[in-house]
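S.K.: Below you'll find the structure I mean.
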Amino acid sequence: MVKESRSLDRGLTLMEALAREDSLSLAELHRATALPKSTIRRLMATLVRRGMARRSLADGRYRLNVTLPDISSQPIPRGLSLIADVALPDTLALTREVGWPSDLHVLDGTAMQIIDSTRVFSPFQLNREEINRRVNVFGSASGMTCLSLRDEAEVAALHEATRHDQTWGLARFGLELDAYLTILEEARRRGYGTRLTNYHGERWLDGSLSAIAVPIGPRGFGLGALTLLWPRAFTSAETFASQYLDALRSTAEAINRALDASPRIAGQWLEAL
């Protein structure tokens, strides 16, 4: 009789618990699995190190980076955990330097997905972010900066996929494609994305915020974006960018160099193109 591995069985139990939920805290994993917290910490540290799971900076909760057949409710975008692992040290350093918080976004199909945030570390105490939340690709600063690196045909295809969609499409903003392409050209000229003036986020709490964003991704591909956020009433995007854009760009460049330095990371991201 072949002897089973107790540690492997426990690790899989933790993965199955995470696959059934969007995220779980240490206490919630303990309640869901009845495993000792010390065991959970040790096994989750191994899963995080191997890239199978991550612990988000924004809320300290564990999330899976892989999909388990017939259990996981939604596939994880390629490279999601890798960019968070690489980008967060520099992103946190940016918040400590300028005070304002950043969100990390990846382009996930027809929307942007927020994969982590430094809001809890900002002295300005902006609204807490919900990790893995999706936001409109056309209206958000992160989406604008990613789309500004795409050609007209790619943007048109995304518009067609979301045509008449009042949540995820341009119809939400009363814009036609030609008008949005003009907005993207302006974003290219200035070198960063902003929120559309009539975009107020996906939660009522986000309506009071503004953002600027620059692209991140290996080899110059904008598969994600790094944002800086501030209260909308505080100042305009142009004034904010004049003070903080250089620091934001420097951070994104450091992240991109780290992504380029890892063939495994670059390979997974390029597969998403």
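S.K.: Out of region 30-40, which residues are open to solvent by 30 Å² or more (accessible area, probe 1.4 Å) and either in a helix (DSSP H, G or I) or on the phi > 0 side of the Ramachandran plot (or both)?
M.R.: His30, Arg31, Ala32, Ala34, Lys37, Ser38
S.K.: What are the residues in region 111-156 that are more than 18 Å from Gly207 (Cβ to Cβ), open to solvent by less than 10 Å² (accessible area, probe 1.4 Å) and of a type in the set (Ser, Thr, Tyr), if any?
M.R.: Thr118, Ser122, Thr145
S.K.: Among (1) within 18 Å of Ile131 (Cβ to Cβ); (2) surrounded by 17 or more Cβ atoms within 10 Å (Cβ to Cβ), where does Ala27 come up short?
M.R.: So the condition that Ala27 fails would be (2).
S.K.: Restricting to region 157-174, give me the number of residues that are assigned to a helix (DSSP H, G or I), open to solvent by 30 Å² or more (accessible area, probe 1.4 Å) and touching a residue at least 12 places away in the same chain (Cβ under 8 Å).
M.R.: Number satisfying all stated conditions: 2.
S.K.: Sticking with this structure for a sec: Please tell me if Leu14 is surrounded by 15 or more Cβ atoms within 10 Å (Cβ to Cβ), under 30 Å from the mean Cα position of the chain (by Cα), more than 13 Å from Arg63 (Cα to Cα) and free of Cβ contacts under 8 Å to residues at least 60 places away in the same chain.
M.R.: no
Yes or no, residue by residue, for (1) open to solvent by less than 20 Å² (accessible area, probe 1.4 Å); (2) among the acidic types (Asp, Glu); (3) modelled with pLDDT under 90:
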{"site": "Arg42", "(1), (2), (3)": "no, no, no"}
{"site": "Thr46", "(1), (2), (3)": "no, no, no"}
{"site": "Arg49", "(1), (2), (3)": "no, no, yes"}
{"site": "Met52", "(1), (2), (3)": "no, no, yes"}
{"site": "Val66", "(1), (2), (3)": "no, no, yes"}
{"site": "Ser73", "(1), (2), (3)": "no, no, yes"}
{"site": "Ile76", "(1), (2), (3)": "no, no, yes"}
{"site": "Leu80", "(1), (2), (3)": "yes, no, yes"}
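S.K.: Right, next: If Ile265 passes every condition in (1) part of a helix (DSSP H, G or I); (2) modelled with pLDDT of 95 or more but one, which one does it miss?
M.R.: The number of the failed condition is (2).
The values are calculated or read from the model by the stated rules, or taken from the named source; none is laboratory data. If you're wondering where the values come from, they're calculated on a predicted model, not measured in any experiment. Cβ: placed from backbone, ideal geometry, glycine included. Neighbour counts: every protein chain shown. When the accessible area is computed, the model is the full protein with side chains, heavy atoms only, and any ligands, DNA or RNA have been set aside. Shrake-Rupley method; radii C 1.70, N 1.55, O 1.52, S 1.80 Å.
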